[in-house]
Structure formats: C-alpha cells, structure tokens
1. What FRET efficiency comes out for the pair Arg445/Ala423, r = Cβ-Cβ distance, R0 = 45 Å, nearest 0.05?
2. With equal scatterers on the alpha carbons only and no solvent term, can you work out the Debye log10 of I(q)/I(0) for the range 298-368 at 0.17, 0.18, 0.24, 0.27 1/Å?
3. Enumerate the residues in the range 271-287 having an amide nitrogen under 20 Å from the point lying 7 Å beyond the Cα of Asp118 toward its Cβ.
4. Using +1 on the beta carbon of Lys and Arg, -1 on that of Asp and Glu, and nothing else charged, what's the dipole of the range 298-368 about the Cα centre, debye to 20?
5. Give me the Kirkwood hydrodynamic radius of the range 117-285, using the inverse of the mean 1/r over all pairs of distinct Cα atoms, in Å to one decimal.
6. Subtracting the Cα-Cα distance from 0.36 nm times the residue separation, let me have the gained length for Ala244 to Asp303 in nm, one decimal.
7. Using Cβ counts within 10 Å as a stand-in for footprinting exposure, how do Val117, Val365, Val383 rank, fewest first?
8. Net charge near Arg271: determine it from the other residues with C-beta under 9 Å of the C-beta of Arg271, scoring Lys and Arg +1 and Asp and Glu -1.
Amino acid sequence: MPVKEVLLPLHRRGELAGNQTRHDFAKDRCVVFGLALAFDPLDPQICQLGAQHCQRPLMQKASSRIVGCHRCLDLCPTSAITPNGDHVLIDEKICAGCGQCAAACPTGAASYALPPVDALLCKLRTLLTVYREAGGTTPVLLLHDEAHGGALIDALARHGDGLPAHVLPLAVNEVTQIGLECIAAAFAYGAAAVRVLLRAKPRHDPAGLYQTVEVAEAILAGLGLDGTCLATIETDDPFALGDALWSLTPGAAVQRPATFEPLGGPRDLLRLAVRELHRAASATAETIALPAGAPFGAVAVGDGCTLCLSCVSACPTGALSDDPDRPVLRFTEDACVQCGLCKATCPEKVITLVPRLSFAATARVLREEEPFRCIRCGKPFGVKSTIERVLGKLEDRHWMYQSAPQRLDLIKMCEDCRVIVVAQESFDPHAPPRPKLRTTNDYLRERETKGET
C-alpha cells in the first residue's frame, strides 16, 4: 500500500495536529514507520501532508551572528523549527502542520504546502463572487478546520437550525494557517464579516492567529470598516456556534468588491490583497499605524547616524540601499518586512522601527551628507563629517600625528592615493618620532622618584 494512503486519513482526523500529540503518536509503531517514509525530504509527495517548507535564509547576518526576525521560532508549538547557521531547519517529523510559521513569515520563506496561499485565495474569490452574482448580500465568511469545525457544522445542521443563509463556510487544514493576506482578500472580495472558528481548548497555542487578527483589525479600522467585522469564535458546542452566527448583524461590505486574480508569492499576494482592499474600500487614509510585529513598516534614523552603511549590508530584502557615488541612505518601504536586522546591526543605535502601512510610500532618502574628496585626486571616498571628526581627534593628540602633517594627509586621501604616496615617497607612517619604550622598571623607578610605595 502506498505510504500516502496510510498517512492521509491520520492527518484528516487531526491525530497529528498539536504539540501534546507529539509523544502520543510516537507510541504507535505503524505511525512512526509511516512518518519516517512519508517525510522524506526528497519525496515530492510531502506537499500532500500540509507540511511547511523553508526555502530562504533566516533573517540573520551570518558573519556577525546577529539575529533579526524570529517570528517562526517564537510561534512553533512543537519546537520543530530550530536555527541552523544562517538558516532555520524545520524538522518535518515533529512539525504538527499548524501553519503558524507560514502565516507569520513576512517574506514567504516558510510556506504552507497544502493548500498554497494562491489556491486558498482563488477559493475565496470564487466563493464570494458567485454568492454576490446570485444576489446575495452581506456575506459572512466562516473559516474552520474539517476535524473540529466541520463536525460542529454537521451537528448544527442535524440537530439545530443550521447556518444562516448568508454565512459561507470555508474549510482549511488548520485555522492557524490563516494569514493576513487571506483576511484582507476576503474583505476585498466583498465579505461583510469574517469569523474564525477555534476549539474552546486549542490543541496548540493560536498566538500567531491572534497576532494576525490584531494587525488585520488595525488595517480594517484605518480603512473605515467596522471593527467588529473580524473576530474568533471559540467553542466546542454546535448550539453556541449557531447562537453566535444567528445573532451576528454584519455591517456593509466594501462598495466596489475586488476581482483580482491571486498570482505571485506569499509576500506579493499580501501586498496585492491589502492594496486591493484599500481600493475597494474607497478609503482616504494613506497611512495606517500598526501594532508591533506587523509585516509592514518604515525605519527612522536618528541624528547620530554616521552613514557607515552597516544596515545596508544587513538588510535581507534590499529595503535599505546606498549610492556608490555619494554617501546616501535610501529606503524603499514596500520592501521592508520589519525584521529588525538594521536596528540590531546599527553600531550607533539610532535606528528605530515604525510599524505602519503606507499606500503612498515611495523610495526616499533617509540621510545624505556631503562626501569628502581626496586631496590628491579629488575622488569622493567617505563622509566629510566623519573624516573631519577623525582628524580632529588625532591631530595634536596622538603621538603618530603630532607635528606630522604628512601623516594627517594620508587620512585625507582615498585608498588608491594612500598606497601610491606611501610607495613612491618611501613614507613609513609608523616611523619615528615614537614615544620611548617603557618597561616595568621604568614605572617602578618613576614611583620611587615620587616617593610612592
């Protein structure tokens, strides 16, 4: 019997979803044997199990070992994600398939294999478009998993009044896989409200979903939509689910529902969904403040910046860039994922993160200074204020540069002219005058002369 025929029923029943089941299913030899075969890293059928893939490096600077983004490490309920050099390693034998890492990843490095983000958005688009074309109004999207939510909906249909006509259920593998792009696209496609059905006692901590809901609520409020249009329903009682849905009075949907085709990677789909929601809502707000940890934002640079450009070399998305011809620090807000590497790398500690969503953001210059030009060839090679600060600290203060203008001139030259001058003039920057070498006897003799003990 093929391995996937053994494992798929187990996954559908949810027996492997949750950190508390990790030790339980390990007791079953059949399940362990099936896992060992099915989670072969080279097996393309791994996508059938809804496991996560990590395709890009962890946002950390490999040379300095400075860690930036660690959202997936913080949220993984089974500790299946561990640092591995400048990458992260996902142990598919431990992964419970909750999808929180994929939902929280701001770059799309971790992705949910089944269903992929674009396939889920296509389902949303079809569901809401067909409902609207059939004459339906104020649709309420109910996101649920099959093991828990599907059973509650079936029980409510058998023993109760069922779901209201305007409630559209959509089953996903795990409700914790729902990301910001899914919620934004649902409202952009015309949903009047979204409800996420959770267990009363979740099998794993849904902290990632709560963070996603918090960010989505800030965006919806900034666009002028009702703040109660997004919420979770945490119950194991089908009648409580029915009461919550029948008592729900959704507000108005967006005026012009979007019809965009979801194409691209997770980050591209997130930006597309948010911008389409802004257009569909006909909102005038161009900038929306977001809570900390949001995948959108800007950076602010204080006055102490020396334009060392350490942040540029650390930025993993290219949001921070420089100019090879002059000392400039540029910022592209659309590319910023708020990973925090620039803030952690900055030696002057003058960079702060500003979580926000800007619909009118363009590439801009954060800091610019006049370049210092080589006194020999005129080539710009550094920041003028920095070179002048170095000269002021060394002149008449350091023994190597006291009464030695030639040595100070070397600092004023570019890297090419500095080598040429030293080679042509046989100039030794470390030549005398040097201070007399002092030994321990010199210090002791000096103390005896001063009468110290």
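Laboratory data are not the source of any read-out in this text; all were calculated from the coordinates shown. Keep in mind it's a predicted model, so treat the numbers as computed, not measured. Cβ coordinates were reconstructed from backbone atoms using ideal geometry, including for glycine residues, and neighbour counts include every protein chain displayed.
1. Working: r = 42 Å, r/R0 = 0.93.
Efficiency, rounded to the nearest 0.05: 0.60.
2. At q = 0.17, 0.18, 0.24, 0.27 Å⁻¹ the computed log10 ratios are -0.54, -0.61, -1.13, -1.44.
3. It comes to 271-277, nothing else.
4. Details: 7 positive and 8 negative charges, 40 e Å.
Dipole size: approximately 200 debye.
5. Working: mean 1/r = 0.0623 Å⁻¹.
By the Kirkwood definition, the hydrodynamic radius is 16.0 Å.
6. Working: separation 59, 0.36 × 59 = 21.24 nm, distance 5.28 nm.
Residue separation times 0.36 nm, minus the Cα-Cα distance, leaves 16.0 nm.
7. Numbers: Val117 26, Val365 10, Val383 22.
So the ranking, lowest neighbour count to highest, is Val365, Val383, Val117.
8. Working: positive: Arg267, Arg275; negative: Glu181, Asp268, Asp334.
Its environment carries a net charge of -1.
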